[in-house]
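Read-outs throughout are calculated quantities, based only on the coordinates presented, and are distinct from any laboratory measurement. Values in this document were obtained by computation on a predicted structure and should not be read as measured data. Virtual Cβ from ideal backbone geometry, glycine too; neighbours counted across all protein chains shown.
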Amino acid sequence: RRDRSEPRPAPNARMLVNMHPDPERPRSVPRLIRRPLSSSVTESAGSFMPAPVSADTIEGTRASIHNKLVMATVRMQAKCRQQQELANEHPKCEHGTPKDKCYAEEVQDCYRASQLLDALVWATSIQQMSSSVEPSEHVPLEFVRALLGLRYWLYRPGPTWSFTTLDKDRSETLTIDELEPTFGEELLRRAADEGKPLKVRLMKLMDEDDSGAVSREELAAHLRAAVRVRELVPSLDEDGALASTDDLIRELRVVVHPPGQIKSRIPHWLPLLIVGLLALTAWLIWWLCSRQRLRDVLRDVRTRRPTSMWRPIRWTEKK
């Protein structure tokens, strides 16, 4: 008869004890038999054979612009975390702080570049789902170049006149209709209903204050993010592959401070003064030349030799 002071096992434990009795252990302690996980994995892996993949398919997948953008997104996110840690160590960019120790301004550009990469990955994934051909072919590189518009903003016409050329109403802001010429031919050839969502999403990235228009400061920030994307995916820039990122970011300062604003600081009387000085200089040159010519004429008259200013006279001498 069982002692009542001994703890009574649970119903499930009693069932396991009855299934696996062990005379060396008390009946109140169940004996559990666990099968090693490695053996089950080994047996299942032995019956699985991966499908063969050709070398062309692997090479095409690596060369796909979509996969390059995905890898660039991961690298950009890691770079943003690193710059955020450095910015926490140096929160202020005070006067005299070395450039390599000032990360507060670069963190915002890094996060903008990460959002831009997400938009490009989204755009290329949509193109992959809407096409039925090979992944390395149905998202052409020119399509992504057309979305960024680096050829227009950086080279033709470039940072100096790009904003001024698009701003037809001189409102110092750009709408989505005014930004239409910046997109490349690959995007312009597509249907309006297919390219419009992509343009609207890019417009939202540029328009940070949701005003419906892009200012000079917002455009310069977006272009700095595009240049950082170009740094991770160099094939996006077909015109200036040799230009460094620092040089391009330095040139983008002209977008915020265009030459027209610098020209308006010139005093209004300065052009009149320059014109007057030029007229005075021209009169002095004429006067000096006329005076020298007059001296030559008088000298010729004294020596009885005709000149081009007088009618030719034949001088005869009496013998």
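When you count, for each residue, the other Cβ atoms within 10 Å and take the mean per peptide, how do 115-122, 243-250 rank with the highest first? If you can, show how the numbers build up before the last one.
Values: 115-122: 19.1, 243-250: 13.6.
In descending order of packing, they fall as 115-122, 243-250.
When peptides 224-232, 274-282, 74-82, 106-114 are ranked by their average number of other Cβ atoms within 10 Å per residue, the highest-first order is 224-232, 106-114, 74-82, 274-282.
Using 0.36 nm per residue, how much length does the chain from residue 279 to residue 251 gain when fully extended, once their Cα-Cα distance is taken away?
Numbers: separation 28, 0.36 × 28 = 10.08 nm, distance 3.85 nm.
Contour length minus Cα-Cα distance gives 6.2 nm.
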